[in-house]
Each structure stands twice: as structure tokens, then as C-alpha cells.
1. Which condition from (1) surrounded by fewer than 18 Cβ atoms within 10 Å (Cβ to Cβ); (2) closer than 26 Å to HIS60 by Cβ; (3) not β-branched (Val, Ile, Thr) is the one that ALA179 breaks?
2. Take GLN125 and decide whether it is under 16 Å from the mean Cα position of the chain (by Cα) and in a helix (DSSP H, G or I).
3. Across the stretch 286-304, which residue is nearest to VAL220 (Cα to Cα) among those that are in contact with a strand residue (DSSP E or B) (Cβ under 9 Å, 6 or more places away or on another chain) and surrounded by fewer than 16 Cβ atoms within 10 Å (Cβ to Cβ)?
4. For the stretch 20-65, give me the residue count where each residue is among the aliphatic types (A, V, I, L, M) and either touching a Lys or Arg at 6+ places or on another chain (Cβ under 8 Å) or part of a helix (DSSP H, G or I) (or both).
5. What residue, among those in the stretch 247-261 that are assigned to a loop (DSSP other than H, G, I, E, B) and modelled with pLDDT of 95 or more, is surrounded by the most Cβ atoms within 10 Å (Cβ to Cβ)?
6. Can you name the condition, by its number, that PHE336 falls short on among (1) under 29 Å from TRP124 (Cα atoms); (2) over 17 Å from the mean Cα position of the chain (by Cα); (3) not hydroxyl-bearing (Ser, Thr, Tyr)?
7. Test of understanding: among ALA44, ALA31, which residue is at pLDDT 95 or above, within 21 Å of the chain's Cα centre (by Cα) and either assigned by TED's automatic domain parsing to the domain that holds VAL147 or of a type in the set (Ser, Thr, Tyr) (or both)?
8. Return yes or no: is SER273 touching an Asp or Glu at 6+ places or on another chain (Cβ under 8 Å), surrounded by 23 or more Cβ atoms within 10 Å (Cβ to Cβ) and of a type in the set (Gly, Ala, Ser)?
Amino acid sequence: MLRFFALLIGLLLSTGACLADGRFPLTVTDALGREVTIPKKPEAILLGSGFNLVALSLIHPDPVSLLAGWASDMKGDNPAIYEAFREKFPKIADVPLIGDGTGNGFSFETILSLKADLAILANWQADTDLGRQAIAYLEQIDVPVIVVDFNSDPLRNTPDNMRLLGRVLERDEQAESFAQFYEEHLAVIRERVAAHPEPGPTVLMDAFPNDQGCCFAYGVGGLGEFIGLTGSRNIAADLPRQGGIVSIEYLVAANPEAYIATASPGGTYSAFSIGPGVAPEEARQTLRNATERPILADLAAIRNGRVYGLWNFFNAVPLNILAAEAFAHWLRPDVFPDVDPGKTLAEINTRFAVVPFEGAYWISLK
């Protein structure tokens, strides 16, 4: 009888394993519309951008265990996030680096040595000549490549790209839970704006403000999409989708009613410091300093105190719903008095994040 039960348990376990692996080989469609076939469940993944570890960490309990190699961009630009992951997953320090996260930074020699079974690239990498060469090279050595996009069209792409990762990693339930959470929060904004069609303020979104001139303004793509989401008006809407330089004369004529600066921690690219590991007091003071430039002083936004700051790398991670809520609360406070990105982040940390996200990711001078 004991032998019978042992055989039965063994049969059940082997059947469960077969069912778990039953989806592979798996064919999926990535963010670029490419059909990609993945022969087996990925266990040795290359991350072309280190920021995509954030996406994995929202649906997998040990995302570092999946890595064969990754890029250094998140570690370099946002060291506090890296340190938080290292504290929980010390083995991350031993994961080989395959590049710097830019489309021109891949090390093909390192990639060849890692015996990966999947590569995940960000859309901005796939759009470069070397990125396309990397995809071709990886496919040549039988490493399937999927491209994810939390950047160029985030409101449309973020939920579906999380579902894509969930499908590939056999974490469908977790990915669907996050995608629905995202869509529910986004629906609140869209429904209220539809019920209040009057236009919101005119807005300048200034990327990495500095003393060298003015200003690189976000266009209607990427984080700039969130301005239009709230029914507000982007003064750089006529620039290329990704944005571009606006002159002082253009800025004075537009006279934006609200000003949003974006930056990263530690003043790497700007004297304004905001993001993981940054205290609210530091973010607020450095934002105030950034807006004391003479070229901004006479703008309506500055004079009326409608000055805000945002972590720029929301344009690389599925946490961008927090940016959408911050914009809604800042730009249309009469319509969104109860929308609180801080509460939303707390729920993300409780329900989804294997490593909590801490720091000042958005700030207001008021």
C-alpha cells in the first residue's frame, strides 16, 4: 500500500510538472509586434536595461534568480534601488554586466559566454542600429529576444507588457493582477476628465533642468502623455513626439501656468535631485533652487507657485501610473482632490513589490 501511494504521488508530481511546462515552446508577440518563439521556460535571462528588473520584481518573488546578465543603467543612475535589491538578494552583485543600458553599450563577447535562454530589451534599445544588431546576434546564437515598452506609449503599453512578461515567466496571475490594478487607477482619471471636459492649465515639462540654457521639454510622448491625460495642455505639443529644445522666446510667449521638472537622484544630470533614496526635503529644496533661474522667474507657473518635480525614470518602469496620478492631482486639483499617488505606491509595495520602493518620487513646492 505504501508503495502504491508513493507511485501515485510521483505520478501526480510528474503530471504537474508536465502541465507547468506545457506552454512551451511558447510564441508571443512583443511590444514591436514581433512574433517570438521561446523554446522553454526562461531560467537564464539577459536584461538589456537594468530598469526592467523593476517590472520582473512586481510579478516574481525572486527576480534576481532569473538573471544570467544585466545592464548597469539602473545601478548607475539610481543606486538606492540597486542597494535595496542587493540587501534582499545579495547575489545580484555577482550577476555579470552585459552593457551600460544604452543601445550602443552591449558586450557581445560577454553575452556569448552566459548561455542565456531569453533576452529582454527595452524599446529604446531596439530602435538603435546596434540594438538591431544585438537582436540579430542573439537570434543567431539561439537566444530569443522580446522587446518591452514602458516608455513611448506607456498608458497603452504598460498593462499589456506586464501581461507579456507574466506569460513568458509563467506568472500570469500576478501579472494580470498588476495590469488590472493599473487599468483601474487609469480609468478613474479618464472617466473624471471625460466628465470635466474644460481644459486644464498649460504646462512646461522640463527634463533635467540646469544652468546651461532652457529647456528640453517633453513632447506628447513618454511622460508627456500624462499631461494630455489630465486634459491639460502641453506647450511643447508641436515639437517631435519625444520633445526637444524650446527657446527662451518661445517659453516667454507660451507663459505656462504649471511647471514640472524631471530629474534623477543625486544631481547626476541636473542640480535637481529626486527619486529613490532622496528625502522629500532634499527634493523640495533642489527643485526650488532649479526654478530660481532668471529665465523662469517671470513665468506664471513660478509666480503662482504651481511648481512640481518628478522622477524622470518613471519613463522606464511600469510604476508610471504613479506619475499619472501625481499629474492629475497637481494639474486638476478640483477634479482629483482625493487621488493620492502616495497611497497607490503604498498599495504597490504591499501587494506587488518584492523590494519596496522608497524615496521622494514626486514633489510640490506648495
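The values are calculated or read from the model by the stated rules, or taken from the named source; none is laboratory data. As the structure is a prediction and not an experimental result, all values here were calculated from the model. Reconstructed Cβ throughout: ideal geometry from the backbone, glycine too, with neighbour counts over all protein chains shown.
1. Among (1) surrounded by fewer than 18 Cβ atoms within 10 Å (Cβ to Cβ); (2) closer than 26 Å to HIS60 by Cβ; (3) not β-branched (Val, Ile, Thr), the lone unmet condition for ALA179 is (1).
2. So GLN125 passes the test.
3. Here the answer is ALA300.
4. Within the stretch 20-65, residues that are among the aliphatic types (A, V, I, L, M) and either touching a Lys or Arg at 6+ places or on another chain (Cβ under 8 Å) or part of a helix (DSSP H, G or I) (or both) number 10.
5. PRO256
6. Condition (1) is where PHE336 drops out.
7. Being at pLDDT 95 or above, within 21 Å of the chain's Cα centre (by Cα) and either assigned by TED's automatic domain parsing to the domain that holds VAL147 or of a type in the set (Ser, Thr, Tyr) (or both) holds for just one of ALA44, ALA31, which is ALA31.
8. In short, yes.
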